[in-house]
1. Filter the stretch 204-229 down to residues that are assigned to a strand (DSSP E or B) and of a type in the set (S, T, N, Q) and give me whichever is surrounded by the most Cβ atoms within 10 Å (Cβ to Cβ).
2. Consider Arg191 carefully, then state whether it is basic (Lys, Arg), in the same structural domain as Arg242 (by TED's automatic domain parsing) and within 26 Å of Ala162 (Cα to Cα).
3. Going through the stretch 163-203 one residue at a time, which ones are of a type in the set (Asp, Glu) and either in contact (Cβ under 8 Å) with a residue 24 or more places away in the chain or surrounded by 16 or more Cβ atoms within 10 Å (Cβ to Cβ) (or both)?
4. Collect the residues in the stretch 223-242 that are β-branched (Val, Ile, Thr) and over 10 Å from the mean Cα position of the chain (by Cα), keeping them in residue-number order.
Amino acid sequence: MPEIGETLREARMRRRIDMTEVEAATKIRAKYLRALESEEWELLPGPTFVKTFLRTYADYLELDSRLLVEEYKQRFERPAGMELTPLNLRSQRRRRRVAPAIGPVLIVVLGVLVLLAALYVLGRIGQDDAGTDTPTRVERTPRPSTGAGDGKGGDGSRRKRARSVRVRIAATGQVYVCMEDSSGRAVVDKRTLEAGQSTRTFRGRRFRVTFGTASVRLRVNGRSYRVAVSQDPVGYELRPGRGPRRLSSGLATCT
């Protein structure tokens, strides 16, 4: 069977169609169309988008899109699967801590008790010698109010902070990103990030984000998360006070 890219290019040239016409008709960027014809798969956002673009382009050229997609799957697609893993090392460190030895602590406690007993005996002897029986009264200093009951401090402030979620996206390789806020507005609109690029920090009540590949780190409320490696686009819902929740649908946002 001829090469996938060669089949696409020959069909386009045979019909005398310019690349700009294909771009306008399929809504696929010209650089991605050229990457399909030259089989430079690494220039495309991810395997799922390769199949989507390939199917759309082949249908436009009136080719057998199903046959071309199957050919791509057999020759180039790799199975992979990783789950979302929070990069929280504190819990690991806590598990590695060794419990302190009890022996030295017991010795210190016993020593303090013996000292207190000796001071008590000396005090009683001094009171008997002076012939007094006046009890000692200890004044207690009232604790300042923390304001937890008036709804303005304590848990109230924590609830206020939990009403928003902070999100920042950093690419470790080429990755397609699309993110919407709670109103459905695209704050990152179908953007392809290169390795080392990152977005600004977004703050809102809720976000939905879709990634074309796993070449990205997702930072939510100060914690860093890996994105699951999948053959389909991976979508997450981000809410205050929670970790990212993976969405069951493939292309979850900006459809």
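The values are calculated or read from the model by the stated rules, or taken from the named source; none is laboratory data. If you're wondering where the values come from, they're calculated on a predicted model, not measured in any experiment. In this analysis, Cβ positions are derived from the backbone assuming ideal geometry, glycine residues included, and neighbour counts consider all displayed protein chains.
1. Checking each candidate, the answer is Thr210.
2. Details: basic (Lys, Arg): yes; in the same structural domain as Arg242 (by TED's automatic domain parsing): yes; within 26 Å of Ala162 (Cα to Cα): no.
Criteria not met by Arg191.
3. Taking the stretch 163-203 and keeping what is of a type in the set (Asp, Glu), we get 180-181, 189, 194.
Glu180, Asp181, Asp189, listed by residue number.
4. Correct list: Val229, Val234.
For (1) surrounded by fewer than 18 Cβ atoms within 10 Å (Cβ to Cβ); (2) touching a helix residue (DSSP H, G or I) at 6+ places or on another chain (Cβ under 7 Å); (3) at pLDDT below 85; (4) among the charged types (D, E, K, R), each residue gets a yes or a no:
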| residue | (1), (2), (3), (4) |
| --- | --- |
| Ile28 | no, yes, no, no |
| Tyr57 | no, yes, no, no |
| Glu62 | yes, no, no, yes |
| Pro79 | yes, no, yes, no |
| Arg93 | yes, no, yes, yes |
| Ala99 | yes, no, yes, no |
